[in-house]
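Since every read-out is calculated from the coordinates, none of them should be taken as a lab result. Fair warning: this is a prediction, and the values are worked out from it, not measured in the lab. Cβ placement follows ideal geometry from the backbone for every residue including glycine, while neighbour counts extend to all protein chains displayed.
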Amino acid sequence: MSRSDTWPEHDPAVAFYTQVSENRFASTEHTRGPWSADTQHAGPPAALLGRAVEQLARPGMRIARITYDIARPVPIAPLTVSATVVREGRSTMIVSAAIEPYMRCTALVIRTASGVAPDIVREAPSGPADAVPRPFIPVPYSVGYHTAMEIRFVDGSFLDPGPATAWMRMRGTLVEGEKPSPLARVLVAADSGNGLSMVLDIDKHVFVNPDLSVHLLRYPVGTWVCLKSRSYIDGAGIGFADTELYDELGNLGRSAQSLFVNPR
């Protein structure tokens, strides 16, 4: 299977954050999500917290699971990121990171070694070269997460209710002047599952996720990440979005989102 490894032409104006000091970041308008002109899509801050976890992980260790609690929408404003090692052993670490009072995460980091087991991989859906761009959810602003990400659909779309499969990649970078890590590439996309596979009319219902959990076999190779997503809704107001994650070599892992559902 061929891979599209080439990083798209970098636009220095497309960065989700500018680093102000060691733990302080200015948010740009590219973080803007679909729910409000003043708040962020959860993908960029999820990736920013993942970056903080990566910086504390020992060499030879990799994030296997990272779970986010989203207490309230993250504003498009300066953010302070904190991170700490909660527990450390020979084979695993637990690391927590936070953007208080908005979002926090806990990550399980596992030691890796070459050749300890055979790779068991599922082939990815049709690649990004065979996928097509389709319109984003109508929003009253021209710049945001939806313009900072390139999105191509294998099946489904933002405007057609039901399951969808889409390839996503960043048009720029996470932090200005810094090439995003493979982990950042998958985390910035993973929160999009409920939007890709929405089953409710966004003009009539809110279906926001107060959490996000990402399990990873490995980090992506290349610039594209594929989300194969499906959403489920219970009439009492709780939903669930289930997403398989791929790169062009095969499956990466899975992400899941609990949904708060309510009439507008």
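Charges were assigned to the Cβ only: +1 to each Lys and Arg, -1 to each Asp and Glu. The resulting dipole of the stretch 87-177 about its Cα centre is roughly 280 debye. In this Cβ point-charge picture (+1 for Lys and Arg, -1 for Asp and Glu), the chain has a dipole of about 620 debye about its Cα centre. The alpha carbon centroids of the stretch 239-264 and the stretch 31-78 are separated by 15 Å. Rounded to 0.05, the FRET efficiency of the R58 and V20 pair, given R0 = 22 Å and the Cβ-Cβ distance, is 0.20. Of the three principal axes defined by the Cα atoms of the stretch 9-153, the extents in descending order read 50, 40, 28 Å. Here the Gaussian network model covers the chain, with springs between Cα atoms less than 10 Å apart; of L245, L227, L183, L183 fluctuates the most.
Within the stretch 151-256, the GluC sites (Glu not before Pro) that combine a DSSP coil assignment with at most 16 other C-beta atoms in a 10 angstrom radius are E178. Using only the alpha-carbon atoms of the stretch 153-264 as identical scatterers, what base-10 log of I(q)/I(0) does the Debye formula give at q = 0.15, 0.23 Å⁻¹? So the normalised log intensities work out to -0.63, -1.21.
Model label points for V121 and S82, set 7 angstrom from Cα along the Cα-to-Cβ axis, are 4.1 nm apart.
Shape analysis of the chain based on the Cα gyration tensor places the equivalent ellipsoid semi-axes at 26, 22, 19 Å, largest first.
For M168, the shell of other residues with beta-carbons less than 12 Å away shows a net charge of +2, using +1 for Lys and Arg and -1 for Asp and Glu. For the stretch 48-116, state which trypsin sites (Lys or Arg not before Pro) are in a DSSP loop and have at most 16 other beta carbons lying within 10 Å of their beta carbon. Here the trypsin sites (Lys or Arg not before Pro) that fit, given the DSSP loop and packing criteria, are R90. Once a ≥ b ≥ c are taken as the square roots of the eigenvalues of the Cα gyration tensor of the stretch 23-101, is the result rounded (a/c under 1.5), prolate (a/b larger than b/c) or oblate (a/b not larger than b/c)? Verdict is prolate for the stretch 23-101. For the chain, the relative contact order works out to 21 percent when only alpha carbon pairs closer than 8 Å and six or more residues apart are counted. From its DSSP helices (H runs of at least four residues, each -39,500 (n - 2.57)), the chain gives a residue-normalised ellipticity at 222 nm of -3000 deg cm²/dmol. You can think of it this way: the chain between T147 and F240 has 30.9 nm of extra reach, that is 0.36 nm per residue less the Cα-Cα gap. Can you compute the FRET efficiency between T67 and V206 using 1/(1 + (r/R0)^6), with r the Cβ-Cβ distance and R0 = 25 Å? Round to the nearest 0.05. Step by step, r from the Cβ atoms, then E = 0.65. Seen from a random direction on average, the alpha-carbon convex hull of the stretch 97-142 projects onto 8.0 square nanometres. Take the Cα of I110, go 7 Å toward its beta carbon, and the backbone nitrogen atoms of the stretch 228-264 under 20 Å from that spot belong to 243-247, 249-257. Taking Lys and Arg as +1 and Asp and Glu as -1, the other residues whose beta-carbon sits under 14 Å from that of C105 total -2. A straight chain from E178 to V132 at 0.36 nm per residue would run longer than the Cα-Cα distance by 13.7 nm.
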